[in-house]
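The values are calculated or read from the model by the stated rules, or taken from the named source; none is laboratory data. Quantities reported herein were computed from a predicted structural model and do not represent experimental measurements. Ideal geometry is used to build each Cβ from the backbone, glycine not excepted, and the neighbour counts take in all protein chains shown. Accessible surface is based on the protein model in full, side chains and every heavy atom, while ligands, DNA and RNA are left aside. Shrake-Rupley method; radii C 1.70, N 1.55, O 1.52, S 1.80 Å.
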Amino acid sequence: MRRQRGLLVLLGLVAIGSLGIAAFRGLSTPEKANCVQIYFDAESRDQLASGKAFADQLRGLLAPYVGYSVHASGIANYQSGEVHRCDKNIYIGTHFDHRVPRVFVEDFMSAKGSVAWFGYNVWQMGPRLENEMGLRFLRMARQEFTGFFDEVLYEGGFFKKTSKTLTEQVELLPSDMSKFSMLAESRNSITREIVPYIVQSKNRFYVADVPELEAGHMSLMMAEILARFMESKAQPRGVIAFGLGH
């Protein structure tokens, strides 16, 4: 009888200890915060655009998402693991060949939450860009070349990029379309060539330039793309018809 009681007491202590360990583990690994972290290149004269200014524009589009805080900082200060602090992360590449920390690229590719990359330096993903996202970097399409893509195809219609966005665009070649979804395309109004503009590969998004988010088609389109990025079930449609061809 004493042995049975002793065994029951021992089993009880083991169970309590197991619960204590589980509780401690739960406290030691907090869930990601409801926040969006935006990283941008340091300011310089030869930038495609101002990353800091674009981050402010994104803040405006993210304002309707109640419960999410938005933070912005320079990509040069990135520390390993930071991507995992917030469940949404964005990088804005405005400086050609600006060195993106290798640890950020690794964290970007392994992130569980939504991550987005705008503009330059996507080639620094190396082979993973093609192996994991099904895209291959070709070149930069510039405004002065006949190969520039000045129209955006979206939702069955198209609109012209504004003069403010007519700078450069990353030209990508789809190598495996099973690895991504085409959310928007760019078209050359002269040659009629079409290339990817906005793509989604699982939780990863890529936008081939840094657009000017002024009122109009581009702003409306980006608001809807950000709804996907934020995994919002509500994607309000705007009053602008994308088939107008403006």
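Any idea what the relative contact order of the range 56-164 is, in percent, if you count C-alpha pairs under 8 Å spaced at least 6 apart?
On the way: 89 pairs, mean separation 20.2, N = 109.
Relative contact order, the range 56-164: 19 percent.
Between residue 77 and residue 56, what FRET efficiency follows from the Cβ-Cβ distance if R0 is 22 Å, with the result rounded to 0.05?
Using R0 = 22 Å, I get an efficiency of 0.75.
Which whole-Hz couplings ³J(HN,Hα) result when phi for each residue of the range 73-82 is put into the Karplus expression 6.51 cos²θ - 1.76 cosθ + 1.60, θ = phi - 60°, listed in order with x for Gly and Pro?
In residue order, the calculated couplings are 7, x, 5, 5, 8, 5, 10, 3, x, 4 Hz.
Would you calculate the separation in nanometres between label points at residue 97 and residue 193, each defined as 7 Å from the Cα along the Cα-to-beta-carbon direction?
Taking the simple label geometry, residue 97 and residue 193 are separated by 2.2 nm.
Taking only protein heavy atoms and a 1.4 Å probe, what accessible area per residue, in Å², does the range 166-235 have with all protein chains in place?
Spelled out: the 1.4 Å probe surface of the range 166-235, per residue, equals 40 Å².
Could you tell me the accessible area of residue 190 in Å² (1.4 Å probe, neighbours in place), rounded to the nearest ten?
Its heavy atoms expose roughly 130 Å² to the probe.
Among the aspartates and glutamates, which have Cα under 13 Å from the Cα of residue 202 when same-chain residues fewer than 8 positions away are ignored?
The reachable aspartates and glutamates, counting only those whose Cα sits under 13 Å from residue 202, are 132, 231.
Give the shape of the range 57-166 as rounded, prolate or oblate, defined through the alpha-carbon gyration tensor: a ≥ b ≥ c are the square roots of its eigenvalues, a/c under 1.5 means rounded, and otherwise the shape is prolate if a/b is larger than b/c and oblate if not.
Oblate.
Accessible area, 1.4 Å probe, largest first: how do 97, 150 sort?
97, 150
Label residue 155 and residue 179 with points 7 Å out from Cα along Cα→Cβ: what is the distance between them in nm?
So the label points at residue 155 and residue 179 sit 3.0 nm apart.
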